[in-house]
Amino acid sequence: MKKQVKVVAAIIENEKDEILCALRSPEMSIPNMWEFPGGKVEMGEDIFTALKREIDEELQCQVETETSIFNDNMYEYETFIINLLSIKCRIIGGTPTANEHSKLIWLKRENLSSLKWAPADIPAVEQLINEKNSLLK
């Protein structure tokens with residue numbers, strides 16, 4: 001039986017309506033693919049606390065999270081199953097720094113599909129693009 005991992009991902013939007021995208025480094029599992037930054041939820045930790053801790057560790061900045069899950073996705077990779085919970089956030093302290101990732105970029109929603117996303121992140125990417133489209137109608 002494959003190991004199941006609960007992971008939180010931050011959808012960080014800036015004042016220009018751009019979303020922070022992180023490129024996984026060649027050393028990471030699922031290398032050289034784009035993702036929303038975040039990480040594993042530790043035992044006994046709630047998802048919002050986990051996300052704040054992960055962003056502080058990975059990007060060296062502080063975020064405030066929304067109180068609801070934006071996207072909840074289960075994805076089966078070759079060696080494990082991920083339950084990816086994407087949560088919208090905004091930065092309240094510091095500037096995102098790529099420590100674990102190869103690169104960080106800010107992109108408009110309509111340009112998100114131009115990147116090669118990690119499979120588990122794709123439903124949240126599509127939801128963001130569709131959300132923008134529905135706002136324009």
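Send over a whole-number figure in Å² for the accessible area per residue of the chain, probe 1.4 Å. Spell out each step's value before the answer.
Details: 7510 Å² over 137 residues.
Ligands and nucleic acids excluded, the figure is 55 Å² per residue.
Give me the tail of P(r) for segment 1-132 as a percent: Cα-Cα pairs with distance above 20 Å. Can you show the working numbers first?
On the way: 3404 of 8646 pairs.
So the portion of pairs separated by more than 20 Å is 39 percent.
Show me 19-28, 38-47 ranked by packing, highest mean number of other Cβ atoms within 10 Å first.
Highest-to-lowest ranking by the protection proxy: 19-28, 38-47.
Just how many pairs of Lys in the chain have C-alpha atoms closer than 12 Å, counting pairs that are eight or more places apart or on different chains?
5
Is it possible to state the helix-based mean residue ellipticity at 222 nm for the chain, with each DSSP H run of 4+ residues giving -39500 (n - 2.57), the sum divided by total residues, to the nearest 500 deg cm²/dmol? What is it?
It comes out at -6500 deg cm²/dmol, rounded to the nearest 500.
Counting pairs of alpha carbon atoms under 8 Å apart in space and at least six apart in sequence, what relative contact order in percent does the chain give?
On the way: 270 pairs, mean separation 42.8, N = 137.
RCO, the chain: 31 percent.
What is the projected area of the convex hull of the Cα atoms of segment 36-88, averaged over all directions, in nm²?
Mean projected area of the Cα convex hull: 4.0 nm².
Where the accessible area of segment 5-137 is counted over protein heavy atoms with a 1.4 Å probe, how much of it, in %, is carbon and sulfur?
Of the solvent-accessible surface of segment 5-137, carbon and sulfur hold 49 percent.
Can you say what percent of the DSSP beta bridges in the chain, counting only those with both residues inside, are antiparallel? Round to 5. Walk me through the numbers before you get to the answer.
Numbers: 22 of 33 bridges.
That works out to approximately 65 percent antiparallel.
What ranking of W34, W106 comes out by heavy-atom accessible area, probe 1.4 Å, highest first? Let's see the in-between values first.
Details: W34 30, W106 90 Å².
Highest to lowest solvent-accessible surface, that is W106, W34.
The values are calculated or read from the model by the stated rules, or taken from the named source; none is laboratory data. Everything numeric here is computed off the predicted structure, so don't read it as measured data. Quick reminder, even Gly has a Cβ in these numbers, built from the backbone with ideal geometry, and neighbours come from all protein chains shown. Heavy atoms of the whole protein, side chains included, go into the accessibility calculation; ligands, DNA and RNA do not. Shrake-Rupley method; radii C 1.70, N 1.55, O 1.52, S 1.80 Å.
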